[in-house]
Amino acid sequence: MELGGWSESYLGYLADVLSIARPVLETVDMLDTRTMIARYDAGRNVIRLKKSAGRADAAFALAHEMRHAWQAARRRDMLEGYQYNAGNADKYNGQAAEIDANAFAVIVMTDLYHLRPTFDGLDEETRKRIYARADEIAREWAE
């Protein structure tokens with residue numbers, strides 16, 4: 001994936017929407033797992049993005065990680081008790097910080113790209129919580 005162009009302006013747009021400082025974007029060949037696309041490093045305010053990510057996957061992952069940056073800057077309570085290695089996908093994605101980050105990415109992908117993530121790999125309860133949080137965020141912005 002080529003940096004510069006769309007990814008840099010996209011991050012700037014998301015930073016403006018979230019009213020946070022724009023993290024530095026670094027591309028990498030590999031992250032912690034084979035399937036991980038991006039990761040936010042709050043200590044350095046850096047998002048690391050896998051070079052091989054396709055544009056739609058990168059757009060989702062960057063929106064998700066930008067919401068983690070927002071959590072670190074504005075809602076530290078969402079990160080309390082966060083477990084990076086939570087055991088399984090449903091437990092990990094069921095954490096408040098992940099529900100919120102996925103919900104924000106749903107809004108961004110739907111609004112900007114007219115794509116609605118389906119989260120097929122997650123259980124029905126986790127999917128419902130993500131969509132309910134997306135509705136909450138949308139209502140908060142409408143106020």
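The values are calculated or read from the model by the stated rules, or taken from the named source; none is laboratory data. These numbers come from a predicted model, not from an experiment. Cβ sites come from the backbone with ideal geometry, for glycine too, and all protein chains shown count toward neighbours.
Listing for the model above:
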quantity	calculated
Pair list, Cβ under 6 Å, 6 or more apart: region 116-128 residue free of Cβ contacts under 8 Å to residues at least 60 places away in the same chain, other residue in a helix (DSSP H, G or I) and surrounded by fewer than 10 Cβ atoms within 10 Å (Cβ to Cβ)	none
Within region 118-143, considering residues that are more than 15 Å from the chain's Cα centre (by Cα) and not in a helix (DSSP H, G or I), the one farthest from Leu62 (Cα to Cα)	Glu143
Total residues in region 94-115, condition in contact (Cβ under 8 Å) with a residue 40 or more places away in the chain and under 13 Å from Arg75 (Cβ atoms)	1
Which listed residue, of Arg76, Arg55, Arg34, is loosely packed, with under 15 Cβ neighbours inside 10 Å, at pLDDT below 95 and under 19 Å from Arg116 (Cβ atoms)	Arg55
Selection from region 6-20 of residues that are at pLDDT 95 or above and either of a type in the set (Gly, Ala, Ser) or more than 15 Å from the chain's Cα centre (by Cα) (or both)	Ala15, Asp16, Ser19
From the options Glu124, Glu65, Glu98, residue that is of a type in the set (Asp, Glu) and surrounded by fewer than 21 Cβ atoms within 10 Å (Cβ to Cβ)	Glu124
Qualifying positions in region 37-52 - of a type in the set (Gly, Ala, Ser) and surrounded by 19 or more Cβ atoms within 10 Å (Cβ to Cβ)	Ala38
Residue match in region 1-15 (condition: surrounded by fewer than 18 Cβ atoms within 10 Å (Cβ to Cβ), among the aromatic types (Phe, Trp, Tyr) and touching a Lys or Arg at 6+ places or on another chain (Cβ under 8 Å))	yes
In region 91-113, the residues that are at pLDDT below 95 and not polar (S, T, N, Q)	Lys91, Tyr92, Gly94, Asp111, Leu112, Tyr113
